[in-house]
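The values are calculated or read from the model by the stated rules, or taken from the named source; none is laboratory data. Because the structure is predicted, anything quoted here is derived from the model rather than measured. With ideal geometry, Cβ positions are generated from the backbone for all residues, glycine too; neighbour counts draw on all protein chains shown. With ligands, DNA and RNA removed, areas are computed over all heavy atoms of the protein, side chains included. Shrake-Rupley method; radii C 1.70, N 1.55, O 1.52, S 1.80 Å.
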Amino acid sequence: MTEYIKATDMNSKITSRQFISLCVLFMITSVQVINVYPNSKINIWFAAISGAIGSIPVLLMFARLSGLYPDDNIFGITEKVTGKLFGKIFCFLYTMYAIYIGAVIIRYLTEFIQVASMNETPQWILLIFFGTLCGYIIFKGPHILAKLSTLILPIVLAIFIFIILCSFGFYDYSNLRPGSDESIASFSDAALSIASFSFGEVLFTINFLKKTDCSQRKKYSLFLISLILGTAFIVIQLLSNQLILGTNISSILYFPNYEAVSIINVGDFITHIEVISIISFLLCVLVKESVCIFSISEGTASLTGLKKRNSILLFSTAAVITGGYFAFGSTMDMFKFHSINKYIVLIFQVIIPFVIYSVAEIKNIISRSRNTINEQKTLER
């Protein structure tokens with residue numbers, strides 16, 4: 001296990017800027033293409049703001065866990081907090097959860113590409129290509145992925161700004177509604193869906209946070225800055241989609257952002273802008289999928305104690321490719337799973353982390369109390 005950790009560390013640290021770039025790209029991936037809350041006529045952009053606000057305590061909890069155990073990833077933290085037996089159980093669950101997220105996101109990408117442009121291309125070819133590419137990025141080292149994120153984020157933001165500027169002439173401001181007719185249940189459900197797809201999954205970025213030289217307070221700020229930037233991107237994009245498509249149309253589309261962008265034509269000079277929107281989504285998926293593969297690798301290493309890094313990476317890459325192939329039978333099935341996903345999210349992004357965090361804080365308080373008592377005894381002597 002020690003050799004595996006040394007191999008993945010590459011004696012390189014991740015800077016604050018690199019971590020924020022990675023975290024933001026991780027957050028904004030799914031919402032760029034996927035209809036994160038289908039069959040709803042609510043103001044989804046406003047639900048995104050609510051989801052982000054509700055995610056603040058969860059992200060601060062993640063940062064605190066990393067601060068209590070700065071040298072450990074999420075798998076090492078669970079084992080130290082809950083003991084060897086329960087630690088292995090939680091490690092197995094989170095390794096499977098990382099496979100689940102990795103399989104879903106890569107299937108989203110290949111399904112979108114197949115539906116939008118490459119209809120005749122077999123799904124398995126796209127899965128193998130993109131899965132292998134992400135596996136290779138992690139093979140070069142997690143610090144390489146972090147550096148790559150700082151190059152990708154400006155490109156994604158430039159594409160985003162360009163599309164928004166081109167969209168102004170296509171906005172119908174009558175599509176903005178006050179939202180007074182929205183039920184609390186549907187609004188909360190939408191906020192939870194966006195929070196789960198965009199913010200809660202950053203739990204796995206703890207595996208990169210441990211590679212920074214940040215103080216506890218700085219770790220809080222890294223997550224909060226990432227949340228602010230990611231939320232701004234998501235809210236503006238969802239609002240733009242609604243202004244172009246309206247709530248009634250965008251709620252029933254599989255890929256509303258793609259449909260909205262495909263409408264934009266600036267004379268005969270700027271057309272087919274949806275092509276560059278695909279590039280933006282693809283770049284973000286490369287980052288998020290690579291984070292998942294790295295997390296699977298670390299979880300597998302913690303579970304098995306294997307030291308062969310290349311073999312573990314091969315298994316992790318094969319796991320997301322295979323999982324992606326069998327994840328959904330069709331595009332329609334891909335969106336039906338949203339109703340199930342929110343329950344999985346509550347367990348892995350909120351309930352289990354809160355239990356682990358609570359035990360970790362109790363242990364920390366007990367440890368500090370013991371140290372204080374020992375210091376007092378030493379002074380009395």
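What number comes out for the charge environment of residue 59, summing +1 per Lys or Arg and -1 per Asp or Glu over other residues with Cβ under 15 Å away?
Numbers: positive: 64, 217, 218, 219; negative: 201.
Surrounding charge for residue 59 is +3.
Rounded if a/c is under 1.5, else prolate if a/b beats b/c, else oblate: with a ≥ b ≥ c from the C-alpha gyration tensor eigenvalues square-rooted, which is region 93-167? Mind dumping the intermediate values first?
Values: a/c = 1.86, a/b = 1.11, b/c = 1.67.
Cα axes put region 93-167 in the oblate bin.
Within region 88-193, report the GluC sites (Glu not before Pro) that DSSP leaves as loop and that have at most 10 other Cβ atoms within 10 Å. Present the calculation step by step, with values, prior to reporting the outcome.
Values: sites: 111, 120, 182; in loops: 120, 182.
Counting only loop positions with at most 10 other Cβ atoms within 10 Å, the GluC sites (Glu not before Pro) in region 88-193 are 120.
Using only the alpha carbons of region 47-148, determine the length spanned along each of the three principal axes and report them from longest to shortest in whole angstroms.
50, 36, 29
In nanometres, what is the gap between the two model label sites at residue 80 and residue 224, each 7 Å from Cα along Cα-to-Cβ?
Once both label points are built, they end up 2.4 nm from each other.
Report the normalised scattering of region 85-233 as log10 I(q)/I(0) at q = 0.13, 0.16, 0.19, 0.20 Å⁻¹, calculated by the Debye formula with identical scatterers on the alpha carbons.
For region 85-233, the Cα-only Debye profile gives -0.97, -1.39, -1.56, -1.56.
Within region 198-227, what residues put their amide N at less than 12 Å from the label point 7 Å along the Cα-to-Cβ vector of residue 13?
Under 12 Å, as judged by backbone N against the label point of residue 13, lie 211-215 of region 198-227.
Roughly to the nearest percent, how much of the accessible area of region 116-216 is carbon and sulfur, given a 1.4 Å probe?
Ligands and nucleic acids excluded, carbon and sulfur give 70 percent.
Considering only Cα-Cα distances, which of the following residue pairs are longer than 26 Å: 84/147; 147/363; 80/307; 140/307; 13/80; 80/219?
Values: 84/147 34 Å; 147/363 36 Å; 80/307 20 Å; 140/307 17 Å; 13/80 23 Å; 80/219 20 Å.
Pairs exceeding the cut-off: 84/147; 147/363.
Residue by residue, what Karplus-based ³J(HN,Hα) values in Hz, rounded to whole numbers, does region 347-353 have, using 6.51, -1.76 and 1.60 with θ = phi - 60° and x for Gly and Pro?
6, 8, 9, 10, 5, 4, x
Each label point is 7 Å from the Cα along the Cα-to-Cβ direction; what then is the distance between the points at residue 282 and residue 376, in nm?
In this crude spin-label approximation the distance works out to 6.5 nm.
What length, rounded to one decimal in nm, is gained on full extension from residue 343 through to residue 170, with 0.36 nm per residue of separation minus their alpha-carbon distance?
Working: separation 173, 0.36 × 173 = 62.28 nm, distance 3.72 nm.
Roughly 58.6 nm would be gained on extension.
Which distance in nm do the two modelled labels at residue 236 and residue 363 give, with both placed 7 Å along the Cα-to-Cβ direction?
My value for the distance between the label points is 4.2 nm.
Just to confirm a number: summing +1 for Lys and Arg and -1 for Asp and Glu over residues other than residue 224 whose beta-carbon lies under 12 angstrom from that of residue 224, what do you get?
On the way: positive: 217, 218, 219; negative: none.
Taking every other residue near residue 224 into account, the sum is +3.
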